[in-house]
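A quick write-up on the structure given underneath.
The values are calculated or read from the model by the stated rules, or taken from the named source; none is laboratory data. Since the structure is predicted, the reported quantities are computational estimates derived from the model, not experimental observations. Heads up, the Cβs are rebuilt from the backbone with ideal geometry, glycines too, and the neighbour counts pull from every protein chain shown.
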Amino acid sequence: MANEALETFRAEAAEWLKNNFPSTLAGKGMGIEGEMTEDTRADWETWRQRLTEKGWGAPTWPKEFGGAGLSHPEAKVIAQEMGKIGAVNHIPLIAGMGVTMVGPTIMEYGTDDQKARHLPRIASGEIRWCLGLSEPNAGSDLAGLSTKAEIDGDTFRINGQKVWTSGADISQWCGALVRTDSNAAKRDGISFVLVPMDQEGIETRPIKLISGASPFCETFFNDARTDKSELLGPLNQGWSVVKRLLQHERQSQTQAGTPRATGSRKSLQEKAKDYVGTDAMGRLADADLRNRVARHLMDAQAHSLTIGRITAEARGNVEVSAAASILKNSATFVAQTRAELNLEIAGSQGVGWEGDHFSAEELGNVKDWLFGKAMSIYGGSFEVQNNIISKNILGLPETTQKD
Ligand SMILES: Cc1cc2nc3c(=O)[nH]c(=O)nc-3n(C[C@H](O)[C@H](O)[C@H](O)COP(=O)(O)OP(=O)(O)OC[C@H]3O[C@@H](n4cnc5c(N)ncnc54)[C@H](O)[C@@H]3O)c2cc1C
């Protein structure tokens, strides 16, 4: 889309937001669950309905599936205009793994019936999805999974255990990777099934994290059922389906962090000067820290320019590919370094857990730093991404990892 047309679109988007975004929600929504208090609940619901009518919950999805059929640059404009007024599109958050991962995979592999039944309810944020991939003995070596699904009449009967299932206790549907042929080679006997969570055969047990939150669960399948029509992609070819889904997951993890709603809008270098002080030339007083902050800012800029370049080269139609592994790792590196620096510059103020003598931002930084450790694990660990990069992008010989 030409710049002029994009600017016209920007003006229309800003006007629509002015008329439709409930001002009571301005600046809210980074931790959506925590912030949906009783007095804002009705406004969040109104906002969800308006976004849904406009198709802006998943703006790049086709209109027939609940999106707005917009290009990536147009979707970016909407996000920018939302940012200006403190609005957030909360639908991808309340849909769990729906908008970023399960939805795009259903769009690619689903039957017409699956697309019609599942996609609009993801784009509207009505249904939350979780992902049942990892198991106690199958993480990086995902193809070693042992949760079994056996065909029984018109259904699959599922038995086994998943772990680290984000949001399993509050999701209505799960995309699960299951073994459907125990005699085949390990990657050939796997299928991807869509499973309703509200049934007796599924039990979820939340796992508490070091950061205090409890965002994921152990999930037990005990004669759980799903209809045969919920098989996504061909039987025993779930490995191809999940590889694609994981590319979508990594693609959604390529942003190196968003600012907190509670945080100041000051840059890292400004905050560093506030805490550490300046020298006679007005520079950050600690020369070693100054070097590391500068290096981090260059890395962050290089990461963001790389994403910009890829988007520009694709003329907005970014294809999800193995390159997502590179961006996921560089996003992880940038975000984790920033979290470390945020703590370090604040000195003893940077290690608070609770108490009035710490600001909300200081306390938030500690939680971000702890949660940031997860970034090099979920969606496939840092090392596993390096294996994928070496084999699938650089063409180096096989390592321990086959995909
Ligand atoms: C916040 C969070 C949310 C998550 N959400 C979900 C979810 O919703 N659904 C889901 O199914 N899973 C989820 N996971 C699980 C995640 O996908 C796994 O933790 C991840 O794949 C790693 O598996 P593992 O924990 O079993 O570690 P392991 O596979 O045991 O790995 C341990 C260490 O060994 C290294 N390693 C392993 N194999 C290799 C190799 N071949 N080469 C080099 N190094 C290797 C790893 O890099 C890692 O450092 C989540 C994890 C986190 C942290």
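Taking ALA339 as the residue in question, decide whether it is farther than 23 Å from LEU245 by Cβ, over 20 Å from the mean Cα position of the chain (by Cα) and hydrophobic (A, V, I, L, M, F, W, C).
On the way: farther than 23 Å from LEU245 by Cβ: yes; over 20 Å from the mean Cα position of the chain (by Cα): no; hydrophobic (A, V, I, L, M, F, W, C): yes.
Against the criterion (farther than 23 Å from LEU245 by Cβ, over 20 Å from the mean Cα position of the chain (by Cα) and hydrophobic (A, V, I, L, M, F, W, C)), ALA339 does not qualify.
Restrict the check to the stretch 190-212 and report whether at least one residue is closer than 21 Å to SER381 by Cα, in a strand (DSSP E or B) and within 22 Å of the chain's Cα centre (by Cα).
Step one: list which residues in the stretch 190-212 are closer than 21 Å to SER381 by Cα, which gives 207-211.
Keeping just the survivors that are in a strand (DSSP E or B) gives 207.
This time we only want the ones that are within 22 Å of the chain's Cα centre (by Cα), so: 207.
Yes, there is a match, as at least one residue in the stretch 190-212 is closer than 21 Å to SER381 by Cα, in a strand (DSSP E or B) and within 22 Å of the chain's Cα centre (by Cα).
Hey, GLY103 hits all of (1) in contact (Cβ under 8 Å) with a residue 60 or more places away in the chain; (2) of a type outside the set (Ser, Thr, Tyr); (3) within 30 Å of ALA26 (Cβ to Cβ) but one; which does it fall short on?
Among (1) in contact (Cβ under 8 Å) with a residue 60 or more places away in the chain; (2) of a type outside the set (Ser, Thr, Tyr); (3) within 30 Å of ALA26 (Cβ to Cβ), GLY103 violates only (1).
Of all the residues that make up the stretch 154-176, how many are under 16 Å from GLU218 (Cβ atoms) and either surrounded by 21 or more Cβ atoms within 10 Å (Cβ to Cβ) or of a type in the set (Gly, Ala, Ser) (or both)?
Narrowing the stretch 154-176 to residues under 16 Å from GLU218 (Cβ atoms): 158-171, 174, 176.
Then keep just the ones that are either surrounded by 21 or more Cβ atoms within 10 Å (Cβ to Cβ) or of a type in the set (Gly, Ala, Ser) (or both); that gives 158, 160, 162, 164-168, 171, 174, 176.
Residues that pass the stated criteria total 11.
Just checking, does the stretch 90-107 include any residue being more than 16 Å from the ligand (Cβ to nearest atom), within 23 Å of LYS63 (Cβ to Cβ), assigned by TED's automatic domain parsing to the domain that holds THR52 and not in a helix (DSSP H, G or I)?
yes
Just to verify a result, which residue in the stretch 344-368, among those that are surrounded by fewer than 18 Cβ atoms within 10 Å (Cβ to Cβ) and aliphatic (A, V, I, L, M), is nearest to ARG292 (Cα to Cα)?
VAL351
Based on what the data block shows, is ILE158 at pLDDT 95 or above and under 21 Å from the mean Cα position of the chain (by Cα)? Quick ask: steps written out before the conclusion?
Values: at pLDDT 95 or above: yes; under 21 Å from the mean Cα position of the chain (by Cα): no.
Against the criterion (at pLDDT 95 or above and under 21 Å from the mean Cα position of the chain (by Cα)), ILE158 does not qualify.
Return the only residue of VAL193, VAL163 being of a type in the set (A, V, I, L, M, F, W, C), within 30 Å of LEU370 (Cα to Cα) and either at pLDDT 95 or above or not assigned by TED's automatic domain parsing to the domain that holds ALA374 (or both). Reasoning before the result, please.
Numbers: VAL193 fails: within 30 Å of LEU370 (Cα to Cα).
Sole residue among the options that is of a type in the set (A, V, I, L, M, F, W, C), within 30 Å of LEU370 (Cα to Cα) and either at pLDDT 95 or above or not assigned by TED's automatic domain parsing to the domain that holds ALA374 (or both): VAL163.
Any idea which residue in the stretch 75-109 is farthest from VAL193 (Cα to Cα), counting only those that are surrounded by 20 or more Cβ atoms within 10 Å (Cβ to Cβ) and over 18 Å from the mean Cα position of the chain (by Cα)?
This residue is GLU81.
Picking from THR337, THR332, THR306, which residue would you name as being in contact with a His (Cβ under 8 Å, 6 or more places away or on another chain), assigned to a helix (DSSP H, G or I) and not aliphatic (A, V, I, L, M)?
Numbers: THR332 fails: in contact with a His (Cβ under 8 Å, 6 or more places away or on another chain); THR306 fails: in contact with a His (Cβ under 8 Å, 6 or more places away or on another chain).
Of THR337, THR332, THR306, the one residue that is in contact with a His (Cβ under 8 Å, 6 or more places away or on another chain), assigned to a helix (DSSP H, G or I) and not aliphatic (A, V, I, L, M) is THR337.
Run ILE377 past the list (1) within 16 Å of the ligand (Cβ to nearest atom); (2) under 30 Å from SER71 (Cα atoms); (3) of a type in the set (A, V, I, L, M, F, W, C) and report the number of the one that doesn't hold.
(2)
For ALA87, are the conditions met, namely being in contact with an Asp or Glu (Cβ under 9 Å, 6 or more places away or on another chain), farther than 15 Å from GLY167 by Cβ, outside any loop (DSSP other than H, G, I, E, B) and of a type outside the set (Lys, Arg)?
Values: in contact with an Asp or Glu (Cβ under 9 Å, 6 or more places away or on another chain): yes; farther than 15 Å from GLY167 by Cβ: yes; outside any loop (DSSP other than H, G, I, E, B): no; of a type outside the set (Lys, Arg): yes.
Criteria not met by ALA87.
With the requirement that a residue be crowded, with 17+ Cβ neighbours inside 10 Å, charged (D, E, K, R) and in contact with a helix residue (DSSP H, G or I) (Cβ under 7 Å, 6 or more places away or on another chain), what does the stretch 265-285 give you?
LYS271
For GLU313, all conditions in the list (1) at pLDDT 90 or above; (2) within 30 Å of PRO73 (Cα to Cα); (3) not β-branched (Val, Ile, Thr) hold save one; what is the number of the exception?
(1)
Filter the stretch 179-212 down to residues that are surrounded by fewer than 15 Cβ atoms within 10 Å (Cβ to Cβ), under 16 Å from LEU142 (Cα atoms) and among the β-branched types (Val, Ile, Thr), then give me how many there are.
0
In the stretch 162-177, what count of residues is obtained for those that are under 19 Å from THR226 (Cβ atoms) and within 11 Å of the ligand (Cβ to nearest atom)?
The number of residues fulfilling the criteria is 9.
Out of all the residues in the stretch 129-155, which are within 12 Å of the ligand (Cβ to nearest atom) and either under 30 Å from ARG48 (Cα atoms) or part of a strand (DSSP E or B) (or both)? Full working, then the answer.
Let us first name the residues in the stretch 129-155 that are within 12 Å of the ligand (Cβ to nearest atom), namely 129-145, 147.
Passing the criteria: TRP129, CYS130, LEU131, GLY132, LEU133, GLU135, ALA138.
Looking at (1) at pLDDT below 95; (2) within 30 Å of ARG292 (Cβ to Cβ), which one does LEU246 not meet, given that it meets all the others?
(2)
Quickly run through the stretch 1-40 and pick out the residues that are assigned to a helix (DSSP H, G or I), closer than 25 Å to GLY96 by Cα and modelled with pLDDT of 90 or more. Step through it out loud before you land on a result.
Of the residues in the stretch 1-40, the ones assigned to a helix (DSSP H, G or I) are 3-20, 23-25, 32-35, 38-40.
Applying the additional criterion that residues be closer than 25 Å to GLY96 by Cα yields 17, 20, 23-25, 32-35, 38-40.
Those that are assigned to a helix (DSSP H, G or I), closer than 25 Å to GLY96 by Cα and modelled with pLDDT of 90 or more: LEU17, ASN20, SER23, THR24, LEU25.
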